[in-house]
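Below you'll find the structure, written out as C-alpha cells, and then a few comments.
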Amino acid sequence: MQEESHDLQEENSELYEHYRFTANDGQEPLRVDKFLMNFIENATRNKIQQAAKAGNILVNDVAVKSNYKVKPKDMVRVVLAHPPHENLLVAEDLPINIVYEDDDVIVVNKEPGMVVHPGHGNYTGTLVNGLIHHIENLPKNSNERPGLVHRIDKDTSGLLVVAKTEYAMAHLSKQFFDKTTERLYHALVWGSVEEDSGTIVGHIGRSIKDRMQMSVFPDGEFGKPAVTHFRVLERFTYVTLVECKLETGRTHQIRAHFKYIGHTLFNDERYGGDQILKGTTFTKYKQFVDNCFKVLPRQALHAKTLGFVHPTSGEFMQFDSEIPDDIQKCLDKWRRYSVNSNEIE
C-alpha cells in the first residue's frame with residue numbers, strides 16, 4: 001500500500017485534498033468507508049459516510065458512494081470544502097525544551113505525549129504550534145510543515161533538530177537522506193535479547209491487517225528498506241535495555257523491527273507491548289508489571305543522541321539527552337526486580 005497526503009488546493013474547484021491513499025496490488029475488495037477507517041485515525045464511519053454522501057470521496061477521480069468496493073491500485077481521495085487543519089497553523093505559547101539554538105538550527109528535547117506536527121485529531125498543542133510562536137517564518141518542507149526535517153512519535157521522547165532557514169532545511173534534509181546523521185535511541189524491550197549486538201534488516205510498510213501499525217516485509221515486496229543496528233546495554237530477567245542506531249528513518253522503525261524479531265517494546269500499546277509478553281504466572285509479578293506500566297504509561301523509547309553537520313559552519317555537532325524520569329523509574333524497578341525476583345515471585 002502506498003500512502004500519500006497532500007495539502008494543495010484542487011485545481012479548478014473549491015475543494016481541498018485532505019487524504020490520498022493508493023490501494024496495493026493485493027487489496028481484496030473492501031467497502032470504501034471501511035477502507036478509509038483503516039487509514040484515518042479517529043475517523044468515524046458516520047463521518048466517512050457523510051463525506052461520501054456529499055460527493056467528497058473520489059476513487060480514480062470519480063465520486064463514489066460509501067458502499068463502493070476498493071480494488072487493487074485504486075486511488076482513493078477525500079476532498080472537503082475547507083483546507084486541512086494543518087494548513088491553518090496557529091502559533092501557541094507552549095513549553096519547549098530547547099537545548100541549542102543559533103541562526104540556522106534549533107535542537108529540541110521533546111517531551112513524551114507531544115505530537116510533532118498537526119494532523120488528524122491533533123490540530124493544536126503540537127511542537128510545530130510552539131515553534132512558530134517562538135520563531136516567525138520558519139521554512140516549510142515538502143509537506144508544508146515548518147522547520148521539520150525529521151520527526152519522532154508522540155509518545156517517544158528525545159532530540160529533534162529543526163531548520164530555521166531554507167538553506168539549513170535543504171542541508172539537513174540531504175544529510176538525513178544520505179544517512180550521514182547520527183541517531184541513537186534507548187529502548188526497553190520484552191524478552192531477553194540473545195545477541196549482545198546485531199542488525200535488523202527488513203522493508204517497513206503499513207500493515208495490511210492493521211493500518212495503524214507498520215509491518216516488516218522481509219522479502220521487500222512492500223514498504224521501504226529499513227536498517228536498525230542495536231547493542232544490549234543491560235538485561236533485567238524478562239526485559240532488555242538496548243541502544244538502537246538508525247541507518248534509515250522509517251515510520252515506527254524501531255517499534256516495528258523489534259516486534260518483528262520477537263522483542264516488542266515495553267508498554268507499546270499499538271504493537272501489543274502493553275501486555276505481559278514474558279515472565280511468570282505469579283500474581284505478584286503481574287502486579288509488579290502493572291506498576292511498571294503505571295510509572296511508564298507509554299512505549300519505552302527515547303531519542304537519546306543526535307549528531308549532524310552544522311549547515312553553515314560545517315562542524316559536526318553531537319547532542320546527548322538524559323533518560324526521562326518515567327523511563328528511569330521503570331528501569332530502576334526492573335533492576336530491583338532482577339535482584340529480588342525470588343521475593344516478588
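Key figures for this structure:
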item: Percent of C-alpha pairs per 5 Å bin, segment 144-248, short to long; result: 2, 11, 15, 18, 21, 18, 10, 4, 2, 0
item: Rounded, prolate or oblate (a/c below 1.5 giving rounded, otherwise prolate when a/b exceeds b/c) for segment 121-197 by Cα gyration tensor; result: oblate
item: Cβ-Cβ FRET estimate between Asp178 and Val90, R0 fixed at 35 Å, reported to 0.05; result: 0.55
item: Potential lengthening between Thr44 and Arg231 on full extension [0.36 nm per residue; Cα-Cα distance subtracted]; result: 63.1 nm
item: Dipole magnitude of the chain, debye to nearest 20 (Cβ charges: Lys/Arg +1, Asp/Glu -1, about Cα centre); result: 1380
item: Spin-label zone in segment 151-167 - amide nitrogen under 18 Å from a point set 7 Å from the Cα of Thr251 along the C-beta vector; result: 151-156
item: Overall form of segment 291-331 per C-alpha gyration tensor (a/c, 1.5; a/b vs b/c); result: prolate
item: Pairwise label distance in nanometres, Val201 with Asn340, each label 7 Å out on the Cα-Cβ vector; result: 4.6
item: Apportionment of accessible area to carbon and sulfur, the chain, percent (1.4 Å); result: 47
item: Accessible area per residue in Å² at 1.4 Å probe, computed on the chain; result: 50
item: Length gained when the stretch Tyr167-Lys65 is fully extended (0.36 nm per residue, less Cα-Cα span); result: 32.2 nm
item: Exposure ranking of Lys110, Lys47, Lys71 by accessible area [1.4 Å probe, largest first]; result: Lys47, Lys71, Lys110
item: Histogram of C-alpha separations across the chain, 10 Å bin width, %; result: 5, 22, 29, 26, 14, 3, 0, 0
item: Gain in span if fully extended, Gln275 to Met75, counting 0.36 nm per residue against the direct Cα distance; result: 68.3 nm
item: Computed label-point distance, nm, for sites Ala54 and Val99 using a 7 Å Cα→Cβ extension; result: 4.4
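The values are calculated or read from the model by the stated rules, or taken from the named source; none is laboratory data. Keep in mind the model is a prediction, meaning the values are calculated, not measured. Cβ: placed from backbone, ideal geometry, glycine included. Neighbour counts: every protein chain shown. Heads up: the accessible areas ignore ligands, DNA and RNA and are worked out on the full protein's heavy atoms, side chains in. Shrake-Rupley method; radii C 1.70, N 1.55, O 1.52, S 1.80 Å.
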